[in-house]
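Here is the structure we will look at.
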Number of protein chains: 2
Amino acid sequence: MDRQIERWGMFEAAFAGPAEGNPFLAVTLDAVFALGNRTVTVPGFYDGDGIWRVRFMPDAEGAWQYRTRANLAALDGCTGGFTCVAPAPGNHGPVQVSNRHHFAYADGTPYFPFGTTCYAWTHQPPEQQRQTLATLAQARFNKLRMGVFPKHYPFNENEPLHDIFVRGADGKLDFDRPNVVAFRHFEQQIAALGALGIEADVIMFHPYDRWGYCDMSAERDFRYVRYLAARIAAFRNVWWSLANEYDFLLDVKPIERWDRFFHLLEEHDPYRHPKSIHNGEETMNYDHRKPWVDHVCIQNWDVKRTAAWRREWGKPVVNDEMEYEGDISLAWGNISARELVHRFWITVTRGGYGGHGETFLHPEDLLWWAKGGVLRGESWRRIGFLRDIVEADVRRGLDPAPTADWPWTRASAAFDGDVRLIYLGEHQPRIWVHGLPAEDGDYQVDVIDTWEMTVTPARRVPPPAFPRQRQRGGALSAAKPVAAFAVELPGRPYLAIRVRPARGL
Amino acid sequence: MDRQIERWGMFEAAFAGPAEGNPFLAVTLDAVFALGNRTVTVPGFYDGDGIWRVRFMPDAEGAWQYRTRANLAALDGCTGGFTCVAPAPGNHGPVQVSNRHHFAYADGTPYFPFGTTCYAWTHQPPEQQRQTLATLAQARFNKLRMGVFPKHYPFNENEPLHDIFVRGADGKLDFDRPNVVAFRHFEQQIAALGALGIEADVIMFHPYDRWGYCDMSAERDFRYVRYLAARIAAFRNVWWSLANEYDFLLDVKPIERWDRFFHLLEEHDPYRHPKSIHNGEETMNYDHRKPWVDHVCIQNWDVKRTAAWRREWGKPVVNDEMEYEGDISLAWGNISARELVHRFWITVTRGGYGGHGETFLHPEDLLWWAKGGVLRGESWRRIGFLRDIVEADVRRGLDPAPTADWPWTRASAAFDGDVRLIYLGEHQPRIWVHGLPAEDGDYQVDVIDTWEMTVTPARRVPPPAFPRQRQRGGALSAAKPVAAFAVELPGRPYLAIRVRPARGL
């Protein structure tokens, strides 16, 4: 049997054994995969009905062999192998941090997260889940925040499709026995997202609970993290989000436990999927500089601080809750579409990445942000348009103009080599000059209407010639203009200017 | 001669003497005004042509007597008096800090600054100045920022109407000889503003200079401050703004000199008009907690920080440059009218005060912000509407809801006793509950459209009943609603909610 697995695809091996006692607790299993002298150790897991599995995502082509190790004779020393072949078209591998503040797929293709949020979509009725996937297939989001556990919260009072642990004879959840049906379903939806090119930003813990998932002991928490890693790490589109609003759980899970979750993932995820932790009230209260944090996932509406956050942590900043488009009574969920699009543009042109969410009141409480379904708002199309703009030209990642430099505390600009993206937002100049090239050249310069989603060639005009004047430190401003040319604008807000080399266009 | 001067009006006495040498330098003059056993010392000044003057603004009714003191016999020991009578209608006296973060006139009438900016209006051709006053008579601004010195800056390249010092035979400015014609004109315009109920926020220094006003020695600077105080402190509508963007002058005027300017004003202004200093780049770099700073005058676009600034300095915060409505190429001068109105509302509903400015490109460089003339924008009417809203109900001053409390980092609310003003800005809930009264009562509740300038009675609805949920610190949210009722809203941005007692309406 020479099975062929594409590079970054998933190899799975199953092993039968006696399912006595509680195999989730009693049995340890892993497998060592080898390609030549290189080995990778992969955890296995119990999948119910006397079946154990090992999943492996190979990252190099060639003939891989494995050998299992277990404390149960039936599972120990099992061997096998497969041939890893070239990836299929569209398979770029898992996403990793790249160029310090950015991301790329394993094959080097840049990845710019434009995410959305459906926290509890896998817990809704199957038809609603199909609708969510159909919607995602039409939208342009490439990351989805989604929880393992079901959600108890305003507008989220229904029971989940599956419990995450099985219920005992007393009807109570047995936190020592994962419900493999729930996990299989969750995995199926991770795979469905993967088929759409969407990264699954898997939220492992959250405080929105009435079933007891919040209050598991440290030992059970750790076991759950290991189990989850063993089951889903081999899906190439997995990201690890330790929590949503972890700080609302500090009474039951102190900081040391969150650190340990990170460590457990480093121990059990050989692929090193991106790992982050998401705050509730205080953006700064987990030290995102800790080496096991790959990127900074935050909620913060104050998006002009994006460049400062990048400097503070030295990692990619993904602002997954800059408040949501919607009209509910909760202030994090009722900004206008225009405001959310504005915040996305500010975030991206200050070197960060954003997350979308939608919270419109619905008679049956079907809010996209929690349950998926259909998108009702106006921001998602414009966010997709921004993604197209970024993907068309950016290669390394957009790095912000220094906000210490005039006028980049007020307006926003980011650069990637010769590519410049200037976002003017609430500003409506008739002439703009800052951030444009110092030397004239063969540039294509366009004006982008971020709301109307239009791109129009810009009219270049001479830069304004202002009198010399005193500035910070008593220096006189340069008599010569700050750029080789200026751009004429129509004098309305929410415009951007794009500059890129004309060569090759 | 029993002259009658109204309370907070201006008494002036003139004295002739020999105008030998340079009387500006050689002669010292003051007058001690007495009402019973109380005395007030008032500086005098030379007004050219052998005439010295003393001006005094009495703050108490009764028979005042004065006696001059001078180092010139002709001016020394002159006596006289007047009777101070009740103020005329509309004369509320000078403005002072009141209730820590607010202002009131001397008679206790609350004063809520809604200012605008015409830095160099008194240096424009007379017809343009008449036009400025006519415009101000129609608008609802009650404070005007204006410089003593002329302005050299983009869009400000014309020569001033009057030099501030006289020119010598060599054609150069003689910084030892004030041009009394210029000062008389400046005073006339202060009085004209006073007749319109507008406070003159007099900017004493600024860096926009090609004539040498910036570069006077410390001795000349101090002499100028004393001279200005002696001339204009008796105008009841004067405020002292030490500078516009003082930090761009630190190379020639170190911090100690700015401190000394404050001290000189304390020495020479017996009325203690409000004193402040205005930053360029860094809001925090003058320590506004110094006791001689009466209120904090800043420029900062980041208006959601207003409540934090109040806490930081413990004084009224007047944000006189939250960026201007306009379309010029400079980012501080090209925000949309909607954005400026939005920032005003945020500022006021976080316990601060704002300043307006308008910078629309004009073929003859007639920009309101510098030269006055006519208003071309759309924000000024809406700012006047906000002033009407505030003046209708606020008595003590609006103090912000604590931004540490949900949701007041995101939305804005301020209270004055039973009066509540909640501004939702970019938020567009269909139902709003936060900040509404905890006990139901006989309130008048209105929805205000801040752009359309409409006030509509609100429809009260039951507050949302949400499931208990875990929050910060692990506490469960209250099962009972946060307010006695909620308000139904049309689901669009830029709305405010006003709550006030129905009694007496």
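The values are calculated or read from the model by the stated rules, or taken from the named source; none is laboratory data. In this text the structure is predicted, and so the values were computed from the model without any measurement. For neighbour counting, all protein chains shown are included, and Cβ atoms are generated from backbone atoms with ideal geometry for every residue, glycine included.
Summary table
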| read-out | value |
| --- | --- |
| Residue in region A:448-459 that is in contact with a helix residue (DSSP H, G or I) (Cβ under 9 Å, 6 or more places away or on another chain), under 22 Å from B:G280 (Cβ atoms) and in contact (Cβ under 8 Å) with a residue 60 or more places away in the chain present | no |
| Selection within region B:148-181 - more than 14 Å from chain A (Cβ to nearest Cβ), part of a loop (DSSP other than H, G, I, E, B) and closer than 19 Å to B:Q128 by Cβ | B:V148, B:P160, B:L161, B:H162, B:D163, B:I164 |
| For B:Q444: the one exception among (1) of a type outside the set (F, W, Y); (2) more than 18 Å from B:W345 (Cβ to Cβ); (3) in a loop (DSSP other than H, G, I, E, B) | (3) |
| A:K253 basic (K, R), closer than 20 Å to A:V202 by Cβ and within 11 Å of another protein chain (Cβ to nearest Cβ) | yes |
| Options A:P493, A:P467, A:P481; residue that is part of a loop (DSSP other than H, G, I, E, B) and at pLDDT 95 or above | A:P493 |
| A:D209 within 14 Å of another protein chain (Cβ to nearest Cβ) and in a loop (DSSP other than H, G, I, E, B) | yes |
| Residue in region B:412-427 that is out of contact with any Ser or Thr (no Cβ under 9 Å at 6 or more places or on another chain), part of a loop (DSSP other than H, G, I, E, B) and either under 16 Å from B:A502 (Cβ atoms) or of a type in the set (K, R) (or both) present | yes |
| Qualifying positions in region A:61-76 - under 17 Å from A:D2 (Cβ atoms) and of a type in the set (A, V, I, L, M) | A:A63 |
| Residue among A:A139, A:A88, A:A104 that alone is without any contact (Cβ under 8 Å) to a residue 60 or more places away in the chain and hydrophobic (A, V, I, L, M, F, W, C) | A:A104 |
| Lone qualifier among B:D215, B:D221, B:D176 - being of a type in the set (D, E, K, R), without any contact (Cβ under 8 Å) to a residue 60 or more places away in the chain and in contact with a helix residue (DSSP H, G or I) (Cβ under 8 Å, 6 or more places away or on another chain) | B:D221 |
| Residue, farthest from the other protein chains (Cβ to nearest Cβ), within region A:394-445, restricted to residues that are among the small types (G, A, S) and crowded, with 21+ Cβ neighbours inside 10 Å | A:G397 |
| Answer from B:F248, B:F222 - the residue that is closer than 30 Å to B:W301 by Cα and assigned to a helix (DSSP H, G or I) | B:F248 |
| Number of the exception - B:T347 against (1) touching a residue at least 60 places away in the same chain (Cβ under 8 Å); (2) away from chain A (no Cβ under 14 Å) | (1) |
| Pairs with Cβ under 6 Å, 6+ apart, first in region B:461-474 and more than 7 Å from chain A (Cβ to nearest Cβ), second modelled with pLDDT under 90 and not in a strand (DSSP E or B) | B:P463/B:P481; B:R468/B:S477; B:R468/B:A479 |
| Residue within region B:224-243 that is within 16 Å of the chain's Cα centre (by Cα) and either within 14 Å of chain A (Cβ to nearest Cβ) or modelled with pLDDT under 95 (or both) present | yes |
| Residues that are assigned to a loop (DSSP other than H, G, I, E, B) and in contact with a strand residue (DSSP E or B) (Cβ under 7 Å, 6 or more places away or on another chain), drawn from region A:102-133 | A:A106, A:F112, A:P113, A:C118, A:Y119, A:A120 |
| Tally, over region A:227-255, of residues that are buried (at least 22 other Cβ atoms within 10 Å of the Cβ) and either among the hydroxyl-bearing types (S, T, Y) or assigned by TED's automatic domain parsing to the domain that holds A:T28 (or both) | 2 |
| Extreme residue, surrounded by the most Cβ atoms within 10 Å (Cβ to Cβ), among residues of region A:1-53 that are farther than 19 Å from A:F183 by Cα and among the basic types (K, R) | A:R7 |
| Search result, residues across region B:54-76 that are more than 16 Å from B:P18 (Cβ to Cβ) and either surrounded by 17 or more Cβ atoms within 10 Å (Cβ to Cβ) or in contact with a Lys or Arg (Cβ under 8 Å, 6 or more places away or on another chain) (or both) | B:V54, B:R55, B:F56, B:M57, B:P58, B:D59, B:A60, B:E61, B:W64, B:Y66 |
| Residue in region A:366-374 that is away from chain B (no Cβ under 11 Å) and under 23 Å from B:E339 (Cβ atoms) present | no |
| Yes/no for B:L340 being over 19 Å from the mean Cα position of the chain (by Cα) and either surrounded by 20 or more Cβ atoms within 10 Å (Cβ to Cβ) or more than 27 Å from B:I422 (Cα to Cα) (or both) | no |
| Check on B:F262, buried (at least 22 other Cβ atoms within 10 Å of the Cβ) and more than 30 Å from B:A401 (Cβ to Cβ) | no |
| Failed item in (1) within 14 Å of another protein chain (Cβ to nearest Cβ); (2) closer than 30 Å to A:D2 by Cα; (3) of a type outside the set (K, R), with A:T79 passing the rest | (1) |
| Any hit, region A:307-327, residues being within 14 Å of chain B (Cβ to nearest Cβ), more than 19 Å from the chain's Cα centre (by Cα) and over 29 Å from A:A404 (Cβ atoms) | yes |
| Residues within region A:133-145 that are of a type outside the set (S, T, Y) and surrounded by fewer than 24 Cβ atoms within 10 Å (Cβ to Cβ), tallied | 8 |
| Residue within region B:269-278 that is among the aromatic types (F, W, Y), within 14 Å of B:V318 (Cα to Cα) and more than 14 Å from chain A (Cβ to nearest Cβ) present | no |
| Scan of region B:183-212 for residues that are acidic (D, E) and touching a helix residue (DSSP H, G or I) at 6+ places or on another chain (Cβ under 9 Å), ordered by number | B:E187, B:E199, B:D209 |
| Residue ID - nearest to B:S412 (Cα to Cα), chosen from residues in region A:328-337 that are more than 20 Å from the chain's Cα centre (by Cα) and either more than 7 Å from chain B (Cβ to nearest Cβ) or of a type in the set (G, A, S) (or both) | A:A331 |
